[in-house]
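The values are calculated or read from the model by the stated rules, or taken from the named source; none is laboratory data. As the structure is a prediction and not an experimental result, all values here were calculated from the model. FYI the Cβ positions are ideal-geometry reconstructions off the backbone, even for glycines, and counts take in every protein chain you see.
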Amino acid sequence: MIDSCRHQLPPTRDSITHKFSIVGFEGYLTIGLTEQGQPGEIFIKMAKEGSTLSGLLQGFCRAFSLSLQYGLSLPDAVRRFKGMRFEPMGSTDNPDIPETQSVIDYVARYLECTFVDRPALRSAG
């Protein structure tokens, strides 16, 4: 069930940035963390600014972030986006995710490995 109220992140928040490569296409995934150490927003920088891929990834990040902020659980979000298939796809430089079906599949699987399979990076305090 999704909340009808949006839970925005504070103006200053912790984040992690992860560099990745899919068949030679490099990218950066930045994950803004809630006060509980869970993802509350994501940003992907991968292609030349203004490119179709860059624009689509920005739209995906905005929708994904808003979904989390309105209460979609991370496991549900991962389940909905994991397995999406489009180029670039193939081998990665991440030993935990050696092959991926798309950038979105990679992001979903990275979030699953980092936050679903291993709870919050830091304890709430």
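Out of all the residues in the stretch 87-98, is one or more closer than 15 Å to Phe20 by Cα, in contact with a helix residue (DSSP H, G or I) (Cβ under 8 Å, 6 or more places away or on another chain), surrounded by 14 or more Cβ atoms within 10 Å (Cβ to Cβ) and of a type in the set (A, V, I, L, M, F, W, C)? Yes: the stretch 87-98 contains one or more residues that are closer than 15 Å to Phe20 by Cα, in contact with a helix residue (DSSP H, G or I) (Cβ under 8 Å, 6 or more places away or on another chain), surrounded by 14 or more Cβ atoms within 10 Å (Cβ to Cβ) and of a type in the set (A, V, I, L, M, F, W, C).
Evaluated against (1) farther than 21 Å from Gln36 by Cβ; (2) among the hydrophobic types (A, V, I, L, M, F, W, C); (3) surrounded by 13 or more Cβ atoms within 10 Å (Cβ to Cβ); (4) at pLDDT 95 or above, Leu56 falls short on exactly one condition, (4).
Spot the failing condition for Gly32; the list is (1) touching a residue at least 40 places away in the same chain (Cβ under 8 Å); (2) farther than 18 Å from Ser102 by Cα, and only one is missed. The failed condition is (1). For the criterion of being in contact with a strand residue (DSSP E or B) (Cβ under 9 Å, 6 or more places away or on another chain), at pLDDT 95 or above and either among the acidic types (Asp, Glu) or under 28 Å from Cys5 (Cβ atoms) (or both), Ser65 passes.
The set of residues in the stretch 59-72 being of a type in the set (Ser, Thr, Tyr) and either surrounded by fewer than 17 Cβ atoms within 10 Å (Cβ to Cβ) or touching a helix residue (DSSP H, G or I) at 6+ places or on another chain (Cβ under 9 Å) (or both) consists of Ser67, Tyr70. Among residues of the stretch 39-50 being part of a strand (DSSP E or B) and either in contact (Cβ under 8 Å) with a residue 60 or more places away in the chain or more than 21 Å from Val116 (Cβ to Cβ) (or both), the one that is farthest from the chain's Cα centre (by Cα) is Lys45.
The numbered conditions (1) small (Gly, Ala, Ser); (2) farther than 20 Å from Arg80 by Cβ; (3) free of Cβ contacts under 8 Å to residues at least 40 places away in the same chain; (4) in contact with a strand residue (DSSP E or B) (Cβ under 8 Å, 6 or more places away or on another chain) are all true for Ser21 except (3).
Residue by residue, here is whether (1) in a strand (DSSP E or B); (2) under 23 Å from Gln101 (Cβ atoms) holds:
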site: His7; (1), (2): no, no
site: Pro11; (1), (2): no, no
site: Phe20; (1), (2): yes, yes
site: Tyr28; (1), (2): yes, yes
site: Gly37; (1), (2): no, no
site: Leu53; (1), (2): no, yes
site: Phe60; (1), (2): no, yes
site: Phe64; (1), (2): no, yes
site: Pro75; (1), (2): no, yes
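Could you please let me know if Leu33 is closer than 25 Å to Asp117 by Cα, in contact with a helix residue (DSSP H, G or I) (Cβ under 8 Å, 6 or more places away or on another chain) and crowded, with 17+ Cβ neighbours inside 10 Å?
When the stated conditions are applied, Leu33 does not pass them.
Residues in the stretch 73-86 that are surrounded by 14 or more Cβ atoms within 10 Å (Cβ to Cβ) and touching a residue at least 40 places away in the same chain (Cβ under 8 Å): Leu74 only.
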